[in-house]
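Everything below concerns the one structure shown next.
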Amino acid sequence: MGNIVSYILIAVLLAGMVALMFVQGSRQKKAQADYLAMLDALRPGVKVKMASGLLGRIKEIREEAPGFKTITLNIGEDKNAVEMTFVIEAVQGIVNEEAINKLNAEKKLAVAEKTVASNIENTESVKADDVAKDVKTSSKKKSASKNK
């Protein structure tokens, strides 16, 4: 009886492992299909991030041989622009420029708000210092007039 339970337990564990392998395989296939769809969607003018970490704007996509594509990227701006050629598989993802611009705008707004708050605090502390000086000055004048 004990041997039957052991065999059933082993069979259940093996079935679980096989099911897990199928689920993991389907996830990998979906991720690969998404990646290939992203590569097919690339067009000149799109900003991309390379696997090396470089950011650049696609200038040109060429098919060197069947199944072998290269992209030419403009890296840098204006006078400092450099063109580099990569295999298309080196593209890690498309850069969402709208999201980056929104984040940069939010950062600038936060810095501006801190600056304004800091200026208000400095103004209030100056006013408090002025009041303290005025109080000291008036008390000195009163004590000087009493001494006369």
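Here, each number is a calculation from the coordinates, and none is a lab measurement. Bear in mind the structure is a predicted one, so any value in this text is a computation, not a measurement.
Among the listed pairs 29/102; 30/69; 30/107; 49/102; 69/107; 79/108, a Cα-Cα separation exceeding 29 Å is found for 29/102; 30/107; 69/107. Remark on residue 92: its backbone amide H falls under 5 Å from those of 49, 50, 51, a criterion applied only to residues 5 or more positions apart or on other chains, H modelled at 1.01 Å from N.
Per the Kirkwood formula applied to alpha carbons, segment 1-41 shows a radius of gyration over Rh ratio, Rg over Rh, of 1.44. Across segment 55-60, rounded Karplus estimates of 3J(HN,Hα) from the backbone phi angles (6.51 cos²θ - 1.76 cosθ + 1.60, θ = phi - 60°) give 10, x, 9, 5, 9, 7 Hz, Gly and Pro being marked x.
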